[in-house]
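Heads up, the thing below is written out as structure tokens.
The values are calculated or read from the model by the stated rules, or taken from the named source; none is laboratory data. From a predicted model like this one, the values you see are computed outputs, not experimental measurements. Neighbour counts run over all protein chains shown; Cβ positions are idealised from the backbone, glycine included.
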Amino acid sequence: MNVTANPSTMAGSTVETEEIKVSIRNLYKIFGDDPASVLDRVKDGMPKAELLEKHNHVLGLKDINIDMPAKRLQVIMGLSGSGKSTLIRHINRLIDPTAGEILIDGEDVLSFDKKQLLEFRRHKASMVFQKFGLLPHRTVEENVAYGLTIQGISRKEATEKGHYWIERVGLSGFEARYPGQLSGGMQQRVGLARALATDAEILLMDEAFSALDPLIRTDMQNILLDLQEELHKTIIFITHDLDEALKIADNIAILRDGEVVQQGDPQEVIMNPADEYVTDFVADINRGRHVRLRSVMDREALPSGPVLPGSTPLEESLKPLSDAPDNVLSVVNRKGERIGAVSLKTVIDAMGAGQGIGQGADGTQNRYR
């Protein structure tokens, strides 16, 4: 069954109907001896601290509602203890909820019996762990082929497919090495290759790059984006790093104390933070790197002449705008259609600004000057 939804609209975007791959509905998770006994109290608004103090139960997730489009990269982010890792573990039922629904292609995962759940984990959803999760007594080749062998694929075919993915993640020549002989970045490449080798439609990545050094982490992000450009998986990626989220995400959901406080396109999160918590999250980002032209353009102006894509980061537009007549350029969408215009002054102002650039909460647009 196909489920569709309209994603959030932001400055310069078009509303499209997308197939929803994963739909989380009214999801609650309470940890303790008798979660069901305190569920109504949580639904009535009992705070996390009071629940722990009075009833010795811990609130993990509260009324989570997220639709995740197929073939997109959905980021779930928040600070430590926000519930993001708890949430991703519900999708493949490493954790069962106290209440709610988890729909995959319209089918409730919570209704799966043991056999159905095993097939789901083997064929439909693969996971990449923060601590790599490799088998230390198996070689790179054997680790990558492991998921294929438990699917019942012959050893020969599993090895052949494994070699393909080992090459794709840049580890050719390391097939016979053991995890302990590899760097952290190389081990994570093995974990990614193992997940991709099963050809699962959904890729679950729980803080997959957070244990890596910054340069290696950037390299892994680029590898993931390059592969996603080709493979179009439904990727659910957990992180506490906003720069990472803004770089890779098609959509972002931000959690605080087990609740979703904002979700939408990364540009919407930057330009229109929902509350002080999100405002603090985005306060120190490099706006020149992460804000796109479509978020600061004047949508009513459509001058002729040179153009730049709306997805262009502000800092990359400075040179073209400096060289353009009157320091103004048209902005185009993916189809090459003119959707607005932007000036050098607007871009410079936006790179140094906090809130108030682009589309405001009242729907107004900043004019290019």
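A few comments on the model shown:
- Looking across 60, 78, one residue alone is under 29 Å from the mean Cα position of the chain (by Cα), within 21 Å of residue 242 (Cα to Cα) and in contact (Cβ under 8 Å) with a residue 40 or more places away in the chain. It is 78.
- Hey, residue 273 assigned to a loop (DSSP other than H, G, I, E, B), crowded, with 20+ Cβ neighbours inside 10 Å and at pLDDT below 95 or not: yes
- Within segment 212-232, none of the residues are under 21 Å from residue 62 (Cβ atoms), under 16 Å from the mean Cα position of the chain (by Cα), crowded, with 19+ Cβ neighbours inside 10 Å and not basic (Lys, Arg).
- Segment 220-235 residues that are closer than 17 Å to residue 76 by Cα, paired with ones that are of a type in the set (Asp, Glu) (beta carbon under 7 Å, 6 or more apart): 221/244; 233/201; 234/201
- Residue within segment 345-355 that is in contact with a Ser or Thr (Cβ under 7 Å, 6 or more places away or on another chain), closer than 15 Å to residue 287 by Cβ, modelled with pLDDT of 90 or more and not basic (Lys, Arg) present: yes
- Test for residue 244: is it more than 19 Å from residue 104 (Cβ to Cβ), assigned to a helix (DSSP H, G or I) and without any contact (Cβ under 8 Å) to a residue 12 or more places away in the chain: no
- Failed condition for residue 279, given (1) in contact (Cβ under 8 Å) with a residue 60 or more places away in the chain; (2) over 30 Å from residue 30 (Cα atoms); (3) not in a loop (DSSP other than H, G, I, E, B): (2)
- Residues within segment 313-353 that are under 17 Å from residue 271 (Cα atoms) and surrounded by fewer than 20 Cβ atoms within 10 Å (Cβ to Cβ), tallied: 7
- Within segment 135-151, residues that are in contact (Cβ under 8 Å) with a residue 24 or more places away in the chain sit with their Cβ atoms under 8 Å from residues that are part of a helix (DSSP H, G or I) and polar (S, T, N, Q), at 6+ positions apart or across chains, in these pairs: 135/143; 141/159; 145/159.
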